[in-house]
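Notes for the one structure printed next.
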Amino acid sequence: MITFPSDADSIAYARSLIRTIADYPKPGVQFRDITPLLADGQAMQTVAEALISQANSEFDVVAGVEARGFIFAGAAAAVCGRGMVPIRKQGKLPMPAHRLAYDKEYGHDALEVSPELEAGMRVLLIDDILATGGTLKAGAELMRLAGAELASIGVVMELQGLGGRTVVPETKALFSL
Ligand SMILES: O=P(O)(O)OC[C@H]1O[C@H](OP(=O)(O)OP(=O)(O)O)[C@H](O)[C@@H]1O
Ligand SMILES: Nc1ncnc2[nH]cnc12
């Protein structure tokens, strides 16, 4: 497994950059805005390396969920020299190989992946946030549908009280909010 030196202070610094916007995108939601973290080079390096270090199994490729998951999956893949596979919302890939429809809080959606994700590949699945867990559960199922091996699931932050930990219990998070 690949590990980078990281310390609690650096993770705490990255956590401190998350901005909370009340009542966005709808009343009652505390939106956790990653934009300030993205703009900070030190925090981005810390997070990318820590996402790799917390993976508990060997992996061949990093997969990220559209859209915010792409950012961290791409950065994490680059720091460890692995490729990145985008998991896209339906209709965005010119050559989808696998599709998985899933229910969301309001309606339905589907995720797709291209043939670059080959059967037998060991995947580190990355997203920015674990909230209700619906997105990562669907992403994980899509990986298995493609015949890939889910080596580990990692997020930058877990939002407590929304049930995601129950839905995708194997997820590793750098910090909780
Ligand atoms: O655990 P869940 O309840 O599924 O929520 C987490 C998902 O919600 C956000 O994505 P969103 O669908 O808002 O898309 P975006 O990345 O394009 O902003 C976030 O980036 C996660 O993918
Ligand atoms: N509260 C929240 N803040 C930011 N992204 C989210 N995705 C799902 N819930 C979210």
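Side notes on the structure shown:
- Share of carbon and sulfur in the accessible heavy-atom surface of the chain [1.4 Å probe, %]: 52 percent
- Coarse-grained scattering of the stretch 17-56 at q = 0.16, 0.20, 0.27 Å⁻¹, given as base-10 log I(q)/I(0) from a Debye sum over alpha-carbon atoms: -0.52, -0.67, -0.82
- Along the axis of the charge dipole computed for the stretch 1-142 (Cβ charges of +1 for Lys and Arg, -1 for Asp and Glu, origin at the Cα centre), the listed residues 18, 42, 61 are led at the positive end by 18.
- Beta bridges by DSSP in the chain, antiparallel share as percent, to the nearest 5: 40 percent
- Cα gyration tensor shape for the stretch 73-177, rounded if a/c is under 1.5, else prolate or oblate: oblate
- For the stretch 18-177, the dipole from Cβ point charges (+1 on Lys and Arg, -1 on Asp and Glu) about the Cα centre works out to 220 debye, to the nearest 20.
- Alpha-carbon radius of gyration plus Dmax, which is the widest Cα pair, for the stretch 126-177 in Å: 10.6, 33
- Overall form of the stretch 1-159: oblate. Here a/c, set by the Cα gyration tensor axes a ≥ b ≥ c, is 1.5 or more, and a/b is not larger than b/c.
- Take each peptide in 127-140, 89-102, count the other Cβ atoms within 10 Å of every residue, and average; sorted highest first, the result is 127-140, 89-102.
- Secondary-structure-derived ellipticity at 222 nm for the chain, considering helices only, amounts to -9000 deg cm²/dmol, per-run term -39500 (n - 2.57) for DSSP H runs with n ≥ 4.
The values are calculated or read from the model by the stated rules, or taken from the named source; none is laboratory data. Just so it is clear, the model here is predicted, and its values are computed rather than measured. With ideal geometry, Cβ positions are generated from the backbone for all residues, glycine too; neighbour counts draw on all protein chains shown. Heavy atoms of the whole protein, side chains included, go into the accessibility calculation; ligands, DNA and RNA do not. Shrake-Rupley method; radii C 1.70, N 1.55, O 1.52, S 1.80 Å.
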